[in-house]
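Accompanying notes for the structure given below.
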Amino acid sequence: MRIDKVTCNQCDRDLTETTNCIDYRILLGNEKIPSTPGFVTAMAKHAHIEQGTCHFCNVSCLKKWVGDL
């Protein structure tokens, strides 16, 4: 059985699951914008978030993480 652990990218709090109440985590990731039909300029474009998908336990942790960039 595979269990993926999810932790806050700022404070390392375990966000994998909750115990006896409904809880939420903030998910921040990159999503490619589709191109319109026709010609598209070929150039090197990198994702804005190099770490891939990031998780945060609250807005406070997200703000601290953004401030550390």
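The values are calculated or read from the model by the stated rules, or taken from the named source; none is laboratory data. What you see is a predicted model, and the numbers here were worked out from it, not measured in a lab. We place every Cβ from the backbone using ideal geometry, glycine too, and count neighbours over all the protein chains shown.
Listed values, structure above:
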{"read-out": "Selection from the range 18-43 of residues that are touching a strand residue (DSSP E or B) at 6+ places or on another chain (Cβ under 6 Å) and in a loop (DSSP other than H, G, I, E, B)", "value": "Arg25"}
{"read-out": "When residues of the range 24-59 are limited to those that are surrounded by fewer than 10 Cβ atoms within 10 Å (Cβ to Cβ) and either charged (D, E, K, R) or within 14 Å of the chain's Cα centre (by Cα) (or both), the one modelled with the lowest pLDDT", "value": "Lys45"}
{"read-out": "Exclusive hit being in contact with a Leu (Cβ under 7 Å, 6 or more places away or on another chain) and among the β-branched types (Val, Ile, Thr), set Thr36, Thr53", "value": "Thr53"}
{"read-out": "Output for the range 1-13, where each listed residue is among the charged types (D, E, K, R) and either at pLDDT 95 or above or under 10 Å from His55 (Cβ atoms) (or both)", "value": "Asp12, Arg13"}
